[in-house]
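Notes follow once the structure below has been shown.
The values are calculated or read from the model by the stated rules, or taken from the named source; none is laboratory data. On a predicted model such as this, the values are computed, not experimentally measured, just so you know. Cβ atoms come from the backbone with ideal geometry, glycine included; neighbour counts cover every protein chain shown. Heads up: the accessible areas ignore ligands, DNA and RNA and are worked out on the full protein's heavy atoms, side chains in. Shrake-Rupley method; radii C 1.70, N 1.55, O 1.52, S 1.80 Å.
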Amino acid sequence: MLISWIVIAACVTSPSSGPSAAPTPTRTQIPTPTPAVPRDLTVLLAGDSVPLHLEETLATVARRRMGWKVVSAAVPACSIYGDALAWADGTPHGDLDHCPGAVDKTQRSMVRRADPDVVIWWDRLSTLPFFTDDGASVRGGSRRFWALRAIAFEETFARLTAGGARVVFVSTEPIGIGVLEHCVGWERRGCREWKRFRMRHYADITQPMNRIMWRYAAAHPDAAVFISITDSICRRNVSPCDDRFWNGQLARPDGTHYLRRGAVRAARAIVREMRTALYG
C-alpha cells in the first residue's frame with residue numbers, strides 16, 4: 001500500500017478518466033436489479049471545518065430527501081488523520097497536541113456512539129505540512145509526506161470503519177475565487193501559509209490525493225466509494241475555481257466554507273452523488 005501511494009501520487013491520470021468502456025456484450029444480459037435505498041441510514045461526517053459547517057444543511061437535505069440521519073465527527077483546523085499540522089513555512093500551527101488528541105478521540109467516540117452505516121470522508125487539511133509524533137517536520141508533497149500519508153490513511157480508515165461502516169470519499173474540490181478577496185494581499189498568516197499553499201498545490205498534492213482515494217475505492221468497492229461535487233460547485237476544475245451563481249453570489253465567500261445557497265447546493269450534490277454511488 002505504501003509504495004502504491006507514492007506511485008499514484010506521481011501519475012497524471014485524472015479521476016474523471018476512469019476505466020475504459022466495457023466491451024460490447026456478445027449475448028443478452030439480464031439487467032441487475034437496482035438495490036433498494038434504505039431510509040434509516042446513519043451517516044457520519046469526518047474531516048475538517050468544511051463538513052462541520054455544512055452539517056446542519058446536509059442533515060436537513062439528507063433527512064428530507066432520503067430519510068437519513070447525519071451526525072458529525074469533524075474537527076475544525078485539523079486534518080482527518082489528526083496530524084499536528086504546520087504552516088507552509090514548517091513552523092507549528094498552534095498546540096501540537098490538540099489535533100492528534102481531538103481527532104482520534106472524537107472519531108472513536110462517534111463511531112462507537114452513533115454506529116454509522118456510512119462515513120463521509122471529506123477533508124482538505126490533509127494536504128498541508130505536518131509534524132510526526134517525534135516532532136519532525138514533514139514538507140507537503142515530499143516523498144516522506146506521501147509515505148506517512150499512506151500509513152495514516154490505513155489507520156484512519158480502520159478507525160472510521162471499526163463498526164462496519166462503508167466509506168464515501170468526497171473529492172477535495174479546489175479553493176474558490178472568494179479567497180482572492182478574503183485574503184487580499186495575503187497578509188494574514190492563515191491566508192499566506194495555508195490558503196495560498198492549498199491554492200498553489202491543488203495540481204500536485206490535492207489532485208493526486210483525490211486519485212488515491214478514487215483508486216482505493218475502485219479496488220475495494222465493498223468498503224468504499226468515491227464521489228465528486230466539483231462539477232456542481234466549480235465552473236472549471238482549476239484552483240482557484242469560479243464558484244459563482246448566475247447572480248454573482250459565491251458558493252464559498254471565503255473560498256473554503258459553503259454559505260447560504262452554496263451550502264444547499266453542496267449538500268444536495270453530496271446526497272445525490274452518495275445515493276448513486278452507493279445504490280445506483
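Using alpha carbons only, how many degrees (0 to 90, rounded to 10) separate the axis of helix 98-114 from the longest principal axis of the chain?
The helix 98-114 is inclined about 20 degrees to the chain.
Whole angstrom only: what separates the Cα centroid of segment 37-76 from the Cα centroid of segment 83-134?
The distance from the Cα centre of segment 37-76 to that of segment 83-134 comes to 19 Å.
Report the one residue of VAL168, MET209, VAL138 whose Cα lies farthest in the direction of the positive end of the charge dipole of segment 89-209 (charges on C-beta: Lys and Arg +1, Asp and Glu -1; origin at the Cα centre).
Result: MET209, furthest along the dipole toward the positive end.
Would you rank THR276, THR60 by solvent-accessible area, highest first, keeping every protein chain in place and using a 1.4 Å probe?
Most to least solvent-accessible, the answer reads THR276, THR60.
Working from the pairwise distances between different alpha carbons, so that the mean of 1/r is found and then inverted, what is segment 36-185's Kirkwood radius in Å?
16.3
Length gain on complete extension for the stretch ARG64 to GLU187, per 0.36 nm per residue less the alpha carbon to alpha carbon distance? Mind dumping the intermediate values first?
Values: separation 123, 0.36 × 123 = 44.28 nm, distance 4.24 nm.
Extra length available between ARG64 and GLU187 comes to 40.0 nm.
Based on Cβ point charges of +1 for Lys and Arg and -1 for Asp and Glu, what charge dipole magnitude is obtained for segment 189-229 about its Cα centre, in debye rounded to the nearest 20? Walk me through the numbers on the way to the answer.
Numbers: 8 positive and 3 negative charges, 82 e Å.
That gives segment 189-229 a dipole magnitude of about 400 debye.
Among the DSSP beta bridges whose two residues both lie in the chain, what percent are antiparallel, rounded to the nearest 5?
25
Please give the charge dipole size of the chain, origin at the Cα centre, charges +1 on K and R Cβ atoms and -1 on D and E Cβ atoms. Round to the nearest 20 debye.
Its charge dipole is roughly 860 debye.
Tell me the angle of helix 143-160 to the major Cα principal axis of the chain, expressed in degrees between 0 and 90 and rounded to the nearest ten.
Once rounded, one gets 50 degrees.
Roughly speaking, to the nearest percent, how much of the chain's 1.4 Å accessible area is carbon and sulfur?
Carbon-and-sulfur percentage of accessible area, whole number: 52.
Taking only DSSP H segments of four or more residues, each worth -39500 (n - 2.57), what value at 222 nm results for the chain once the sum is divided by all its residues, to the nearest 500 deg cm²/dmol? List each step's numbers first, then the result.
Values: 9 runs with 108 residues, N = 280.
Taken over the chain, the calculation gives -12000 deg cm²/dmol.
For GLY140, what charge total do you get from the other residues with a beta carbon under 13 Å from its beta carbon, if Lys and Arg give +1 and Asp and Glu give -1?
+4
So how much slack lies between ASP134 and ARG275, counting 0.36 nm per residue of separation and subtracting their Cα-Cα distance, in nm? Provide the component values of the computation, followed by the final result.
Working: separation 141, 0.36 × 141 = 50.76 nm, distance 4.17 nm.
Roughly 46.6 nm would be gained on extension.
Just to be sure I understand the model, the point goes 7 Å from the Cα along the line to the Cβ. What's the resulting HIS98 to SER232 distance in nm?
3.1
For GLU155 and THR91, what does the FRET efficiency come to when R0 = 45 Å and r is the distance between their Cβ atoms, rounded to the nearest 0.05?
0.95
I'd like to check one number: the per residue accessible area of the chain, probe 1.4 Å, reported in Å² as a whole number.
Numbers: 13680 Å² over 280 residues.
Ligands and nucleic acids excluded, the figure is 49 Å² per residue.
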